[in-house]
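Have a look at the structure below before the remarks.
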Amino acid sequence: MCYSSSVPTTKLFIDGKFVESSTSEWLDIHNPATNEVVGRVPKATQEEMLAAVDSCSRAYSSWSETSILSRQQIFLRYQQLIKDNIKELAKIITLEQGKTLADAEGDIFRGLQVVEHACSITSLMLGETLPSITKDMDTYTYRLPIGVCAGIAPFNFPAMIPLWMFPIGMVCGNTYLMKPSERVPGCTMLLAKLLQDSGAPDGTLNIIHGQHAAVNFICDHPAIKAISFVGSNQAGEYIYERGSKNGKRVHIVCYFVLYCVSQGAKNHGVVMPDANKENTINQLVGAAFGAAGQRCMALSTAIFVGESRDWLPELVERSRSLRVNAGDQPGADVGPLISPAAKARVESLIQSGVEEGAQLLLDGRKVQVKGYENGNFVGPTIIGNVSPNMTCYKEEIFGPVLIILEADSLDEAISLINSNPYGNGTAIFTTNGATARKYTHEVDVGQIGVNVPIPVPLPMFSFTGSRGSFRGDTNFYGKQGIQFYTQIKTVTSQWKAEDATLKSPAVTMPT
Ligand code: NAD
């Protein structure tokens, strides 16, 4: 394919330098609002990927010994630089990913909060001490970094999800190899530049680009001790298995840790008849259609319990009033989907609902956006009368589509949700505390909102998920994120004031 020389190329970030790849394989980056090619991203060569991981390995010996106060200072500067550059970062996100500028700033802000949290590393990395385990003997633990870590990110949060990964890994003293989504690499590149400007030494963060070969490289390279992955179920299972099959999993205590959020997002919102109607309808509309439904925590399925089903006409009218437009246009509520393929997939899932007997209450398939006729737009869509055996319920739609189920009781709603293979997020809308308590207690989902539609935890807690939505054993950010990126060393020491010479060898286990 011929490219105009004006199409910019995404650089690799190797050993502190932004370098042009020597590869012959490139992927186009499109503006989802127009489908114009706005950049090209390389599939890094094997040599380039090796150079990146070697750089991480070399930098590790000094970075892991850098004082924790120095690391903290770098991330304190980093959070300020992210704030100073939030508009520039948001523009890149909107250009490559399509979400509205306001939503792009939200994406950055939620990642920034993780960086701010990383600045508390001097408290977060404290070990434990227990004096006088026995006479004159004390035990204490250190938290230490584990080595080179790697992150593989999806397209839907170009800032937030990479910022879940490398700042926490690095502030613990690890070096980091990042592979952003090949569809939205630009934001990660500017984040890397800002980190360098904050004083992160060369080699502490390296960035490679690509698809399967880059992912396989990360799963296989022996120097990489930990992998963070967020993305689809299919890729997540593959990465989890490939990492484990390498035998490293057997050595989990010593060498290889993998954590992974992979999810076919099917987050249910339960609407009780006693809920605050205005608030609930607004929350549902925002959580189903914001970011064009391309959030893993989008509330894509609503279960109306009892008479709350009478609110459906108002829900439809409010959804219809959202403005579909390019993300950089003033007043846009719903931007385009990431690609023509994503649009075609979403439209075919809507059609499957029609064909399987659901009722199309609002159809966004024919939406026209003036001036952006080639964009990947789908307007807000609501499918009513859905049953759990329908394809549109079973598949993750990942678009601006809200599907509606009905239940006669809270128990019926809970049982429906607990039968779903995924358990990422959910919400209940109610004014009754006992109902809310029963729900939070009985529903088997990682993140639960009570009158909060998208209950993504702030970084002092951890991002989680249950059942098919999470693999691994420690979660992202929060205390668990620190555990993931560190290993423990335990020291037991005995210092006797009097003569410590043993009279004879002690061959039995000390008690
Ligand atoms: P994706 O799985 O296609 O891509 C994620 C990363 O994996 C990318 O870097 C990509 O290059 C790589 N990849 C893709 N396919 C691969 C394969 N077959 N083998 C190896 N690597 C592969 O995900 P996406 O489309 O970029 O992001 C959207 C998906 O991510 C949705 O399914 C969404 O629910 C999920 N997601 C989940 C969460 C969560 O917290 N549970 C958060 C964000 C996104």
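Here are a few things to note about the model shown:
- Residues being within 16 Å of the ligand (Cβ to nearest atom), out of contact with any Lys or Arg (no Cβ under 9 Å at 6 or more places or on another chain) and either under 17 Å from Asp274 (Cα atoms) or among the β-branched types (Val, Ile, Thr) (or both) - total across segment 418-452: 4
- Any hit, segment 74-93, residues being over 24 Å from the mean Cα position of the chain (by Cα) and either small (Gly, Ala, Ser) or under 30 Å from Gly399 (Cα atoms) (or both): no
- All conditions but one from (1) under 30 Å from Ala407 (Cβ atoms); (2) away from the ligand (no atom under 11 Å from the Cβ); (3) modelled with pLDDT under 85 apply to Lys245; the one that does not is (1).
- Residues of segment 203-224 classified as touching a residue at least 60 places away in the same chain (Cβ under 8 Å) and either within 16 Å of the ligand (Cβ to nearest atom) or in contact with a Lys or Arg (Cβ under 8 Å, 6 or more places away or on another chain) (or both), total: 14
- Residue match in segment 315-328 (condition: in contact (Cβ under 8 Å) with a residue 60 or more places away in the chain, acidic (Asp, Glu) and in contact with a helix residue (DSSP H, G or I) (Cβ under 6 Å, 6 or more places away or on another chain)): yes
- Residue within segment 144-155 that is within 15 Å of the ligand (Cβ to nearest atom), crowded, with 24+ Cβ neighbours inside 10 Å and either under 24 Å from Gln80 (Cβ atoms) or free of Cβ contacts under 8 Å to residues at least 40 places away in the same chain (or both) present: yes
- Looking across segment 392-416, the residues that are within 16 Å of the ligand (Cβ to nearest atom) and either part of a helix (DSSP H, G or I) or without any contact (Cβ under 8 Å) to a residue 60 or more places away in the chain (or both) come down to Cys392, Tyr393, Lys394.
- Out of Val114, Val37, Val19, Val53, sole residue that is farther than 30 Å from Val369 by Cβ and surrounded by fewer than 17 Cβ atoms within 10 Å (Cβ to Cβ): Val19
- The residue of segment 387-415 that is surrounded by the most Cβ atoms within 10 Å (Cβ to Cβ), among those that are more than 20 Å from Phe429 (Cα to Cα) and aliphatic (A, V, I, L, M), is Ile397.
- Residue ranges of strands (runs of 3 or more DSSP E) in segment 424-502 with at least 3 members free of Cβ contacts under 8 Å to residues at least 60 places away in the same chain: 447-450
- Identity of the residue in segment 164-174, away from the ligand (no atom under 13 Å from the Cβ) and in contact (Cβ under 8 Å) with a residue 60 or more places away in the chain, that ends up nearest to Met460 (Cα to Cα): Ile168
Each row is one residue, and each column tells you yes or no for (1) surrounded by 14 or more Cβ atoms within 10 Å (Cβ to Cβ); (2) in a helix (DSSP H, G or I); (3) touching a strand residue (DSSP E or B) at 6+ places or on another chain (Cβ under 6 Å).
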| site | (1), (2), (3) |
| --- | --- |
| Ala332 | yes, no, no |
| Leu361 | yes, no, yes |
| Lys366 | no, no, no |
| Lys370 | no, no, no |
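The values are calculated or read from the model by the stated rules, or taken from the named source; none is laboratory data. Note that the coordinates shown come from a computational prediction; the quantities given were computed from them, not determined experimentally. Heads up, the Cβs are rebuilt from the backbone with ideal geometry, glycines too, and the neighbour counts pull from every protein chain shown.
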